[in-house]
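K.L.:
Could you have a look at this structure, given as structure tokens, before my questions?
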Amino acid sequence: MMKILSVIGTRPEAVKMAPVVAALAGSPGVQAHVLVTAQHRQLLDQVLRLFDITPDYDLDVMSADQAPADVFAQVLEHIRPALADLQPDWMLVQGDTTTVLAATLAAAYARVPVGHVEAGLRTYDRTNPFPEELNRALTDHAASLHFAPTENARSALMREGISEESVYVTGNTVIDALQVITARRLPQSSTDILGPLPEKKRLILVTAHRRENFGAPLERIIAALLELAHRDDAHIVYPVHPNPSVNGPIRKALGGNANISLLPPLDYLTFAHLMKRAHLILTDSGGIQEEAPGLGVPVLVMRAVTERPEAIDAGTAALVGAETRKIVVATTRLLEDEDAHQEMAQAVNPFGDGRAAQRIVGILLRQSQD
């Protein structure tokens with residue numbers, strides 16, 4: 001039996017690893033185990049429940065006002081006993097969080113080979129996104145297998161000298177997860193949250209929580225939202241991240257505005273259905289740049305650069321930065337120019353076909369036979 005340990009730290013990791021965990025659990029000849037670091041506790045637990053994932057190990061490292069260095073040190077220290085206990089044949093990590101880098105280095109020190117799901121994404125700017133760009137690049141160079149979501153990601157790895165034999169283009173597992181979740185009916189709890197949103201107005205869904213947008217950039221985003229809130233044909237919906245650097249300024253500036261609904265953080269099922277309902281999305285999230293095109297929803301990316309240029313090239317997303325005027329102009333165009341909206345909405349999603357997890361598991365099984 002091949003023992004495979006999947007490591008998950010945050011909500012986005014859980015969403016994207018859930019299809020892989022399910023595929024491993026259904027594979028003969030595999031002992032599938034899950035370790036969570038709980039770099040994010042509450043948001044992570046929502047997704048674990050949604051996908052019916054019960055961790056074998058829970059490091060529970062989250063602390064108030066934690067910094068990346070705090071998370072890194074906690075994960076590096078506390079994952080060691082789990083690796084010694086299980087002695088897995090492979091460890092899988094996903095993406096670019098501090099959990100991913102710390103777990104990968106711990107596995108390398110323990111001589112456990114690592115498979116990196118969603119390898120090869122790059123902005124080539126270490127400060128944007130921070131610290132994710134650094135985390136992902138270092139993880140790629142320590143990993144033994146690289147599951148690149150696109151040909152563009154594969155090419156990035158080749159340019160950095162990663163062995164071609166270790167890189168496989170699989171598609172992105174977030175498409176697998178999205179297909180599963182959007183096929184489910186909303187429970188009453190989700191209907192209670194989304195039901196009060198106005199039916200006759202087009203919804204502008206907003207998410208903004210990245211560190212590089214804290215402070216002045218977030219203030220510029222707020223200014224854009226306040227200007228857009230004057231429109232009588234659209235309504236802004238903003239599930240607010242719990243980080244105090246986001247939650248405080250957003251609620252202070254936007255709370256009480258009749259044309260802006262500030263929601264608590266949403267579980268993934270509710271959020272996926274909210275994305276489906278949105279006319280367009282304003283976000284600094286990486287994952288939403290992949291998910292929304294699968295639902296036919298245009299995305300305006302409030303970042304200076306993106307590690308997902310495929311979305312820009314395909315026309316499913318556009319970069320507007322954290323710039324008030326650019327956000328307002330681009331949003332207004334998608335609200336008032338139906339042809340422009342349809343062009344983005346109908347563009348082909350470049351991120352996969354919903355079978356990435358099966359490809360990843362198949363590659364791992366072949367590794368055991370070699």
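The values are calculated or read from the model by the stated rules, or taken from the named source; none is laboratory data. Quick caveat: nothing in here was measured; it's all calculated off a predicted structure. Note that we place each Cβ from the backbone using ideal geometry, even for glycine, and neighbour counts take in every protein chain shown.
Results for (1) of a type outside the set (Gly, Ala, Ser); (2) loosely packed, with under 15 Cβ neighbours inside 10 Å; (3) under 22 Å from residue 357 (Cβ atoms), shown as yes or no for each residue.
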position: 19; (1), (2), (3): yes, no, yes
position: 33; (1), (2), (3): yes, no, yes
position: 38; (1), (2), (3): no, no, no
position: 43; (1), (2), (3): yes, no, yes
position: 46; (1), (2), (3): yes, no, yes
position: 52; (1), (2), (3): yes, yes, yes
position: 59; (1), (2), (3): yes, no, no
position: 62; (1), (2), (3): yes, no, no
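K.L.:
Tally time: how many residues in the stretch 247-272 are in contact with a strand residue (DSSP E or B) (Cβ under 7 Å, 6 or more places away or on another chain) and free of Cβ contacts under 8 Å to residues at least 24 places away in the same chain?
P.N.:
2
K.L.:
On to the next question. So which of 69, 84 ends up being part of a helix (DSSP H, G or I) and within 13 Å of residue 98 (Cβ to Cβ)?
P.N.:
Exactly one residue qualifies, and that residue is 69.
K.L.:
Given the criterion under 28 Å from residue 202 (Cα atoms), within 25 Å of the chain's Cα centre (by Cα) and at pLDDT 95 or above, identify the matching residue among 356, 330.
P.N.:
After ruling out the rest, the residue left standing is 330.
K.L.:
Do you know which of the residues in the stretch 101-123 that are farther than 17 Å from residue 79 by Cα and touching a residue at least 60 places away in the same chain (Cβ under 8 Å) is surrounded by the most Cβ atoms within 10 Å (Cβ to Cβ)?
P.N.:
Only one residue fits best here, namely 118.
K.L.:
In the stretch 87-144, what residues are more than 21 Å from residue 58 (Cα to Cα) and either aliphatic (A, V, I, L, M) or not assigned by TED's automatic domain parsing to the domain that holds residue 35 (or both)?
P.N.:
Within the stretch 87-144, 119, 121, 134, 137, 138, 142, 143 qualify.
K.L.:
Filter the stretch 216-241 down to residues that are more than 21 Å from residue 197 (Cβ to Cβ) and touching a residue at least 12 places away in the same chain (Cβ under 8 Å) and give me whichever is surrounded by the most Cβ atoms within 10 Å (Cβ to Cβ).
P.N.:
Out of the qualifying residues, it is 218.
K.L.:
Scan (1) without any contact (Cβ under 8 Å) to a residue 24 or more places away in the chain; (2) assigned to a helix (DSSP H, G or I) for the single condition residue 321 breaks and write down its number.
P.N.:
(2)
K.L.:
I'd like to know if the stretch 141-161 contains one or more residues that are farther than 25 Å from residue 76 by Cα, β-branched (Val, Ile, Thr) and buried (at least 19 other Cβ atoms within 10 Å of the Cβ).
P.N.:
yes
Each row is one residue, and each column tells you yes or no for (1) charged (D, E, K, R); (2) closer than 20 Å to residue 142 by Cβ.
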site	(1), (2)
51	no, no
64	no, no
71	no, yes
80	yes, yes
85	yes, no
93	no, yes
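K.L.:
Can you tell me which residues in the stretch 1-46 are of a type in the set (A, V, I, L, M) and closer than 21 Å to residue 132 by Cα?
P.N.:
7, 8, 14, 15, 17, 18, 35, 36, 38, 43, 44 - these are the residues of the stretch 1-46 that are of a type in the set (A, V, I, L, M) and closer than 21 Å to residue 132 by Cα.
K.L.:
Determine which member of the set 298, 265 is at pLDDT 95 or above, within 22 Å of residue 12 (Cβ to Cβ), buried (at least 16 other Cβ atoms within 10 Å of the Cβ) and touching a helix residue (DSSP H, G or I) at 6+ places or on another chain (Cβ under 7 Å).
P.N.:
298
K.L.:
Now for a separate question. Within the stretch 1-38, track down each residue that is in a loop (DSSP other than H, G, I, E, B) and touching a residue at least 24 places away in the same chain (Cβ under 8 Å).
P.N.:
1, 9, 10, 27, 29, 37, 38
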